[in-house]
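Reading through the C-alpha cells given below for one structure.
The values are calculated or read from the model by the stated rules, or taken from the named source; none is laboratory data. As the structure is a prediction and not an experimental result, all values here were calculated from the model. Positions of Cβ are generated from backbone atoms using ideal geometry, with glycine treated the same way; all protein chains shown enter the neighbour counts. Just so you know, the surface numbers come from the protein's heavy atoms only, side chains and all, with ligands and any DNA or RNA stripped out. Shrake-Rupley method; radii C 1.70, N 1.55, O 1.52, S 1.80 Å.
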Amino acid sequence: QAGTFPLPEAQLDRFLLYIKIGYPTEKHEEEVLSSTTGKFKEEVNQILNGAEIVQMQNLVREVTINDDLIRYVNNIVRSTRPDTTTNEYVKKWVRWGAGPRAGQAMILTAKASALINRRYAVTEEDINKVVHPVLRHRMLLNFRAEAEKITTDMVATQLLQNTKVVIDLNK
C-alpha cells in the first residue's frame with residue numbers, strides 16, 4: 001500500500017458500494033495459482049457492448065419503487081445522522097452519518113437487485129440486501145466505537161432492526 005492514502009469521506013461517498021471480499025478457500029487459491037502461472041491463456045469473450053450496458057442502466061431506472069419504500073430508504077439514511085436521529089445506538093457510536101447519495105445508491109442498487117431477480121418492482125428485501133454495502137463507507141464512527149470494536153455493519157444491522165416500512169393507507 002506504499003504511495004496510497006485513505007480517501008476523505010466526501011470522495012468515499014462517490015463510490016456506489018463497499019463490498020467486502022475475503023480470501024479464497026485453500027482449494028480456490030491453489031486453482032488461482034495453478035491457472036495464472038502457466039502458459040494457458042483464458043479466452044475472453046464479449047458479453048455486452050457499450051450500448052447494451054447503457055440500455056441496461058436505463059432499464060434499472062425504469063424499475064418501480066413505491067412511495068412507502070422510498071420513505072423507508074429515507075428513514076434508514078436519515079437515521080444514520082447522530083445530530084438529528086432519535087436512535088440512541090447511532091448517537092452513541094456514529095460521528096458522521098450518510099448523505100443523500102446513500103439513498104440514491106440504495107434505491108438504484110435495490111432496483112438492480114429486483115431486475116436481476118426478474119422483477120420490475122422493488123421489495124423491502126431488495127433494499128435490506130443492499131443496506132450494508134451502501135452504508136458501510138458512508139458512516140464515520142467515533143473514537144469510542146473504534147475502541148469498542150463497533151463497526152459500520154453493526155450500526156447498519158441495528159438500523160434495519162429498528163426501521164420499519166410504514167404503509168400510507170391514504171394513498
If amide hydrogens are placed 1.01 Å from N in the peptide plane, which non-local residues have theirs closer than 5 Å to the one on V94? N142
Rounded to the nearest 20 debye, what is the charge dipole size of the chain about its Cα centre when +1 sits on each Lys and Arg Cβ and -1 on each Asp and Glu Cβ? 500
Would you check the accessible area of I70, probe 1.4 Å, heavy atoms only, in square angstrom rounded to 10? 70
Per-residue HN-Hα couplings for the range 11-23, Karplus 6.51 cos²θ - 1.76 cosθ + 1.60 at θ = phi - 60°, whole Hz, x for Gly and Pro? 7, 4, 4, 7, 7, 5, 9, 10, 9, 8, 10, x, 6
Charge dipole of the chain built from unit charges on the beta carbon (Lys, Arg +1; Asp, Glu -1), centred at mean Cα; most positive-end Cα among A121, N87, F5 is N87
According to the square roots a ≥ b ≥ c of the eigenvalues of the Cα gyration tensor, what is the shape class of the chain, taking rounded for a/c under 1.5, prolate for a/b larger than b/c otherwise, and oblate for the remainder? oblate
Which entries in K41/K129; K27/K111; K20/K164 show an alpha-carbon gap greater than 30 Å? K41/K129; K27/K111
Sticking with the crude label model, points 7 Å out along Cα→Cβ, report the distance from T4 to T37 in nm, one decimal please. 2.3
Collect residues whose amide H, placed 1.01 Å from N in the peptide plane, falls under 5 Å from the amide H of R138; neighbours closer than 5 in sequence don't count. none
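Mind ranking M154, M106 by accessible surface for me, highest first, 1.4 Å probe?
M154, M106
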Ordering Y120, Y18, Y23 by the accessible surface of their heavy atoms, 1.4 Å probe, largest first, yields Y23, Y120, Y18
